[in-house]
Every structure is written in structure tokens, then in C-alpha cells.
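A quick write-up on the structure given underneath.
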Amino acid sequence: MPEGPEIRRAADRLDAYVTGKPLIELELPDWVDADSTALRDSGITAVRTHGKLMWVEFGTGHALTIHLQLYGRWRFGRVEPAMSRSRRAAFVGPQGGGWLYSATDVYLLPPGVSPERPRGLDPLHPETTAATLATRLLASPRRQIGSQLLDQNVVAGIGNYLRCDALFLAGVAPERRAIDLSESRLNALAAALLLLSRRSLATTGITINSELFADERAARIPRRFARHYVYGRAGHPCRSCGRPITRETIAARPFYACRHCQR
């Protein structure tokens, strides 16, 4: 499932093609009851996100909410790509646009109704800080951190790869609770969530630092093994201690960690 950085990156691409520009084509899902012509003529005024939720705002005051869930996919460009998936929506401006496939969680809100956003803080929002994230984690002090980080009402936009890599970078085991962590370790985890979310947005999904990534790619290590600290690297050596990365199941999701470095 795409995480917050992937959703924000898709929103930025759609925004560049259609916000404030004439809409040449607007297609909405069959189940959306709306006057597509009126929406198209009014134009798109903004494309926004909060965590994994995206919404498109129209000049009429309507907002189209989009959640990709597991199967939704965006494609962007000057012309529509060839796809075997079912097209759900299209937003096309003079220079190109975006096409949405396979998504089923798409709804149009009437004017004056705001999208129901997750309550969690979004690390990609400029007002979110490590201090506010640490405070949010402490709001449920006895929940295991490995489970808590997937709760979109705690931190919005965090999924599996950001969860695994942030816990590794902070040296925190997933079974630990916020109440168990020292102030410095809790702050380190909050800072890692902020850093990796923003780095992933800027680098199309890479969480390790740019120098290390460049070195590994120069050594012909495949991108899927080179771009993260621990996620997807079961059996590969830990980047800190050299011991093998483990793969487990935590909160019903695969979890990758170094059990030596994370305590």
C-alpha cells in the first residue's frame, strides 16, 4: 500500500497538470453522482493530502476524496498510458494529466463538507515537528510502538517501510512502549519519522542517506535492497553491526529489524 510520501508525490504531480488550468477531460467513477460538466467547467482549485488520503477541490466547492488502499494506482503524463486495469477517473489539462486505476474508495463531497481526515499528525505537513510527534506517541503510552505506528490516528501516512526503517534508525524494538522509552529515545524515534518521511518524498521512496545509496548502486546492489535500512532486507547484513536482518510479523504486517541494534 502506498504510504504518505507516495500519495503526496502523486498529488503534487496531479496539481502541476490541472490546478488552475482548463480541464480538457474529467471522468469520475460510475458510482459518483455528479454533474461532471459543471465540475469540469469550474476547474480544480487545489489537490491536497493528509497521510494516505488525497482530495481534489473544485471551483464549485465540491471535493473528491481518494484513498488508493491496496490496489489503486495513478499514472501521469502527456497522454494516457496503456493499462490493463480498470480506469476509475481522469483529470486532464492542456499539458497532460493523471489517470486513476482500480481504486474503489472514491467519493464526492458536497460544498461545505470537509474530508474526514485521519486524526494523526502528518510528518509531511510543515507544522509537524519531532516534538509534536513525540507528544502524540505518548498519548497512548502503553501500546507497543510497532503497532502504534501503523495507526493513522496517531501518525498519518506511516506504513510498513517507514515504520521499519524509523524504528531501526532510532534503535527501538517494536515491542517497546512509549512509556518504556527515555525522553531522548522517544525524541530520536519522532525525529526519524519526520526525517525518513520527508526524505522519501524528496527521493521517490529512498530512506537511506544519498551517499550510502549511491555507493550501493555503484556496487550494483539492486535498488530494492539498496534503498532502505532494513525494510525488505531479510537475511542481508545490518548496516550498523553486520548481523542478518530478520523478518517477522507484527501487527499483522511483515516487519524487518536488526534484533541486535534495536532494543
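What percent antiparallel are the DSSP beta bridges of the chain, to the nearest 5? It would help to have the intermediate numbers written out before the result.
Working: 37 of 39 bridges.
Just about 95 percent of them are antiparallel.
So, with +1 on the Cβ of K and R and -1 on the Cβ of D and E, and no other charges, what is the size of the charge dipole of the range 187-251 about its Cα centre, to the nearest 20 debye? Write out the running numbers ahead of the final one.
Values: 11 positive and 4 negative charges, 35 e Å.
Computed about the Cα centre, the dipole is about 160 debye.
In whole percent, what relative contact order does the range 4-109 give with Cα contacts below 8 Å and a gap of six or more residues?
Numbers: 227 pairs, mean separation 33.8, N = 106.
Reported relative contact order: 32 percent.
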Tell me the net charge near Trp55. Cut-off is 13 Å between Cβ atoms, Trp55 excluded, with +1 for each Lys or Arg and -1 for each Asp or Glu.
0
Please list the helices of the chain that count as membrane-span-like by this rule: a mean Kyte-Doolittle hydropathy of at least -1.0 together with Cα atoms stretching 27 Å or more along the helix axis, each helix being a complete DSSP H run.
183-203
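Using alpha-carbon pairs under 8 Å, 6+ residues apart, how would you state the relative contact order of the chain in percent? Let's see the in-between values first.
On the way: 525 pairs, mean separation 43.5, N = 263.
Relative contact order here is 17 percent.
Using just the helices of the chain, give the 222 nm mean residue ellipticity in deg cm²/dmol: DSSP H runs with n ≥ 4 each add -39,500 (n - 2.57), and the total is spread over all residues, rounded to 500.
-9000 deg cm²/dmol
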Tally Lys and Arg at +1 and Asp and Glu at -1 over the other residues with C-beta under 12 Å from the C-beta of Arg224: what net charge comes out?
+3
For the range 130-257, what's the relative contact order in percent, using C-alpha pairs closer than 8 Å and at least 6 residues apart?
24 percent
Could the peptides 41-49, 249-257, 56-64 be put in order, highest first, of the mean number of other beta-carbon atoms found within 10 Å of their residues?
56-64, 41-49, 249-257
From zero outward in steps of 5 Å, how is the percent of C-alpha pairs of the range 103-242 spread across the bins?
2, 9, 18, 20, 17, 13, 10, 6, 3, 1, 0, 0
Compactness of the chain, expressed as Rg and Dmax over alpha-carbon positions, Å:
20.0, 60
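Here, each number is a calculation from the coordinates, and none is a lab measurement. Keep in mind it's a predicted model, so treat the numbers as computed, not measured. Glycine also receives a Cβ, built like all others from the backbone with ideal geometry; neighbour counts cover every protein chain displayed.
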